[in-house]
Amino acid sequence: MRQQGRYITLPVAGEAIRNGQLRWNTSDGWRFALVRDGVRYVIVVGDTETPSPVLVTGWTEIADWDAATASDRWDEADINTIQLRADLSEHKERQIPGRIRPRVVTRPFTVGGHRVRTGAGDGHVDCVDCGARFRSKRELCELPCGAR
């Protein structure tokens, strides 16, 4: 949950559980959603039968682009990182150069063991450690960093 580019902290997770909307139960647990400053925090909780629920995972997604860009909480790099990470996850099995191309992400974030970034007009993400280029999350997760 604390990976760069996810923007999830334990206080945000606690707030989502206490005050967020209970979304649905899936095979990985109950999902709670909380929207703040145009960004939706989704927290997945398992083992809800005990007094101390287990946080399984969490992520962010843009709920309202205008509200996110108007907020003092997010800068352009944050918003593009959140959207790029969401696009990679939503379309993980296929290449998405058209969704990568409009993003400018200069602060690397980790996906599949790679620390990636992308520039304006690039239809791929680059791993800053191994130099490999990727157009899908599947590729990021299948090729170990340093393999090229």
Q: Please grab the % of Cα pairs in the chain that end up more than 18 Å from each other.
A: 59 percent
Q | the chain, relative contact order [Cα under 8 Å, separation at least 6], % | A | 16 percent
Q: Could you check which residue among S136, S89, S52 shows the biggest mean-square fluctuation in a GNM of the chain with a 10 Å Cα cutoff?
A: S52
Q: For the range 1-117, give the magnitude of the charge dipole about the Cα centre (Cβ charges: +1 Lys/Arg, -1 Asp/Glu; no others), in debye to the nearest 20.
A: 420 debye
Q. Per residue and in cubic angstrom, what volume does the convex hull of the Cα atoms of the range 99-148 have?
A. 59 Å³
Q | Under 12 Å, Cβ to Cβ, from R73 - net charge with Lys/Arg +1 and Asp/Glu -1 | A | -3
Q: Find the accessible area per residue for the range 2-148; the probe is 1.4 Å, ligands and nucleic acids are left out, and the unit is Å².
A: 54 Å²
Q. Angle, helix 76-90 long axis vs. longest principal axis of the chain, Cα atoms, 0 to 90°, nearest 10?
A. 90 degrees
Q) Which is the longest run of the chain containing none of the GluC sites (Glu not before Pro) found in DSSP loop states (not H, G, I, E, B) with at most 10 other C-beta atoms within 10 Å? A) 94-148
Q.
How long are the semi-axes of the equivalent ellipsoid of the range 4-57, taking √(5λ) for every eigenvalue λ of the Cα gyration tensor, in whole Å from largest down?
A. 18, 11, 11
Q. Out of every Cα-Cα pair in the range 25-98, what percent are more than 19 Å apart?
A. 47 percent
**Q.** Residue (of G58, N80, G131) at the positive-pole extreme of the range 42-148, dipole from beta-carbon charges
**A.** G131
Q: For the range 98-148 and the range 1-74, compute the distance between their C-alpha centroids and round to whole Å.
A: 24 Å
**Q.** Candidates P51, P108, P11, ranked by Gaussian network fluctuation over the chain, Cα under 10 Å, top entry
**A.** P51
Q: Give me the percent of the accessible area of the range 67-148 that comes from carbon and sulfur atoms, probe 1.4 Å, all protein chains in place.
A: 43 percent
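The values are calculated or read from the model by the stated rules, or taken from the named source; none is laboratory data. What you see is a predicted model, and the numbers here were worked out from it, not measured in a lab. We place every Cβ from the backbone using ideal geometry, glycine too, and count neighbours over all the protein chains shown. Heavy atoms of the whole protein, side chains included, go into the accessibility calculation; ligands, DNA and RNA do not. Shrake-Rupley method; radii C 1.70, N 1.55, O 1.52, S 1.80 Å.
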